[in-house]
Amino acid sequence: MHPKTKNHPTYGTHRPIVRGTLVLVEVARLQRGDPRPEPRVLCLWWYGPDETAPDLSLLQRAYVRRFDLGHAFRFLKQALVRITPRVRRPGQADLWTWLVLAALTQLRLARACVKDRRLP
């Protein structure tokens, strides 16, 4: 696999080759979903020492975590775009996204505190 080397010290020369293991996982049923008529293939890439085999449980948990974060950021950027202030720099947009994510997390954590209270 040839990684992107735009900011790599060897930019403009031959790209370094990164050796890894491609793990193909057949997903027959999701945790909360119905069984699929045909299994789907999930490709996971693992990089580590040549002597060691990849930990499949760790790969699966890392993929689920990355997938979860990706969808959270996608929701924040699409659904909350109407309240986004007009930022001038990408760094400001990133800070705004993290601020909204922190506020959303606080609201989700406080949900149990107001569970028994009657809404107006």
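For segment 69-87, state whether one or more residues are assigned to a loop (DSSP other than H, G, I, E, B) and loosely packed, with under 10 Cβ neighbours inside 10 Å. Within segment 69-87, one or more residues are assigned to a loop (DSSP other than H, G, I, E, B) and loosely packed, with under 10 Cβ neighbours inside 10 Å. Residues in segment 102-120 that are at pLDDT 80 or above and not polar (S, T, N, Q): Ala102, Ala103, Leu104, Leu107, Arg108, Leu109, Ala110, Arg111, Ala112, Cys113.
Applying the set (1) at pLDDT 75 or above; (2) assigned to a helix (DSSP H, G or I) to Arg19 leaves exactly one unmet item: (2). Restricting attention to segment 65-101, the residues being modelled with pLDDT of 75 or more, among the charged types (D, E, K, R) and under 29 Å from Leu44 (Cβ atoms) number 5.
The values are calculated or read from the model by the stated rules, or taken from the named source; none is laboratory data. Keep in mind the model is a prediction, meaning the values are calculated, not measured. Backbone-built Cβ (ideal geometry, glycine too); neighbour counts: all protein chains shown.
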